[in-house]
Amino acid sequence: DTAVSQTPKYLVTQMGNDKSIKCEQNLGHDTMYWYKQDSKKFLKIMFSYNNKELIINETVPNRFSPKSPDKAHLNLHINSLELGDSAVYFCASSPVGLAGPGANVLTFGAGSRLTVL
Amino acid sequence: DAKTTQPPSMDCAEGRAANLPCNHSTISGNEYVYWYRQIHSQGPQYIIHGLKNNETNEMASLIITEDRKSSTLILPHATLRDTAVYYCIVRVDGGTSYGKLTFGQGTILTVHP
C-alpha cells in the first residue's frame, strides 16, 4: 500500500498552460505539504495544510494554488505555467498538529516531475 | 533554525559502518537533530531524530555530542541501497511552522561493493 501517492509522476506541458498535481495519503495524518526540488536539487517547502486549513504559505507566486478537499488530499494547481516552474514537486504528510513529538517526521511521496517547454 | 554543515561526499565499503557527521554549533536547547535521506529519483525518507540522548532504530543510530554541537549518523552495515544524499536538519519539534524543513546540500554517500 502506497502511503503518500502523487499523480501524475511525469508531466510535460507548454508554457502558459494550467496543470494540477494530485496527492493522497492513507496514513491518517493531519498535515500535508508541498515541497519543490529545483534543478540544483534544493528542496524547499511551498505550503502546508492541517485538517484542510492553510498553515504555511511560503513566498510562492499566486499562480500556485493548493486545495485540500479533505485531510487525506492536497492538490496543487498551477496557472500560466512558466519555464522556471520546471521541477520535481513532492507531497508529504505528518501525523501531528501544532505541537508534539515527531512534528517534523514527514512521509514523502515519490514526486511529480514537471517539465515546462 | 540552526545552520548545519555536512561534508559534500563520503564513500563507504559495503558491509562496513557508514558514519556521517554533521556540525550544528549554534543549536538551541529546544532544537532537535533530524536525519533524512534521498535515494536517487525518490522522495526524501525520514531516518531518525534526537534531542540529546543517543537514539537507535531499525535503520540507523544517532550519536549527539554532549555539548550538542555536532552529531553522527551511523548506518551499521551499509548496503548498496544506502547510496543516497543524507540530510542533517536542526529544527524545533512543533511550533507554528512545524514540518518546514530546511534541506541543505547534504552528504552524498556512495556505498561501494
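The values are calculated or read from the model by the stated rules, or taken from the named source; none is laboratory data. Worth saying up front: this structure is predicted, and the values here are computed from it rather than measured. As a convention, Cβ positions derive from the backbone with ideal geometry for all residues, glycine included, and neighbour counts pool all protein chains shown.
From the list B:I27, B:I47, B:I108, pick out the single residue that is under 28 Å from A:M46 (Cβ atoms), modelled with pLDDT under 95 and among the aliphatic types (A, V, I, L, M).
B:I27
Results for (1) closer than 26 Å to B:P113 by Cβ; (2) within 11 Å of chain A (Cβ to nearest Cβ); (3) out of contact with any Phe, Trp or Tyr (no Cβ under 7 Å at 6 or more places or on another chain), shown as yes or no for each residue.
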{"position": "B:Q6", "(1), (2), (3)": "yes, no, yes"}
{"position": "B:A13", "(1), (2), (3)": "yes, no, yes"}
{"position": "B:R16", "(1), (2), (3)": "yes, no, yes"}
{"position": "B:L20", "(1), (2), (3)": "yes, no, no"}
{"position": "B:N23", "(1), (2), (3)": "no, no, yes"}
{"position": "B:N30", "(1), (2), (3)": "no, no, yes"}
{"position": "B:I39", "(1), (2), (3)": "yes, yes, yes"}
{"position": "B:Q45", "(1), (2), (3)": "yes, yes, no"}
{"position": "B:L51", "(1), (2), (3)": "no, yes, no"}
Quick one: which strands (runs of 3 or more DSSP E) lie wholly within region B:14-57 and hold at least 2 residues that are within 11 Å of the chain's Cα centre (by Cα) and among the aromatic types (F, W, Y)?
-> B:31-38
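Conditions (1) of a type in the set (D, E); (2) within 9 Å of chain B (Cβ to nearest Cβ); (3) out of contact with any strand residue (DSSP E or B) (no Cβ under 7 Å at 6 or more places or on another chain), marked per residue:
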residue	(1), (2), (3)
A:T31	no, yes, no
A:Y35	no, yes, no
A:K41	no, yes, yes
A:I55	no, yes, no
A:P61	no, no, yes
A:F64	no, no, no
A:D70	yes, no, yes
A:H73	no, no, no
A:L76	no, no, no
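I need the full set of residues from region B:63-99 which are of a type in the set (A, V, I, L, M) and over 13 Å from the mean Cα position of the chain (by Cα), in order please.
B:A78, B:L80, B:V92
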In region A:85-111, which residue that is at the interface with chain B (Cβ under 10 Å from one of its Cβ atoms), at pLDDT 95 or above and part of a loop (DSSP other than H, G, I, E, B) is farthest from the chain's Cα centre (by Cα)?
-> A:A110
Considering residues of region A:51-88 that are exposed (fewer than 13 other Cβ atoms within 10 Å of the Cβ), free of Cβ contacts under 8 Å to residues at least 40 places away in the same chain and not polar (S, T, N, Q) only, the residue nearest to A:M15 (Cα to Cα) | A:G84
Would you check which residues across region B:31-56 are closer than 17 Å to A:L106 by Cβ and either surrounded by fewer than 15 Cβ atoms within 10 Å (Cβ to Cβ) or of a type in the set (A, V, I, L, M, F, W, C) (or both) and list them?
-> B:V33, B:W35, B:I39, B:Q42, B:I47, B:I48
Could you grab me the full set of residues in region A:50-71 that are of a type in the set (S, T, Y) and modelled with pLDDT of 90 or more?
-> A:S65, A:S68
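In the set B:S70, B:S25, B:S61, which member is under 20 Å from B:P7 (Cα atoms) and touching a Lys or Arg at 6+ places or on another chain (Cβ under 7 Å)?
B:S25
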What is the number of the single condition among (1) on the phi < 0 side of the Ramachandran plot; (2) in contact (Cβ under 8 Å) with a residue 40 or more places away in the chain that B:Q42 does not meet?
-> (2)
Any strands (runs of 3 or more DSSP E) falling wholly within region B:65-113 and containing at least 1 residues that are without any contact (Cβ under 8 Å) to a residue 12 or more places away in the chain = none
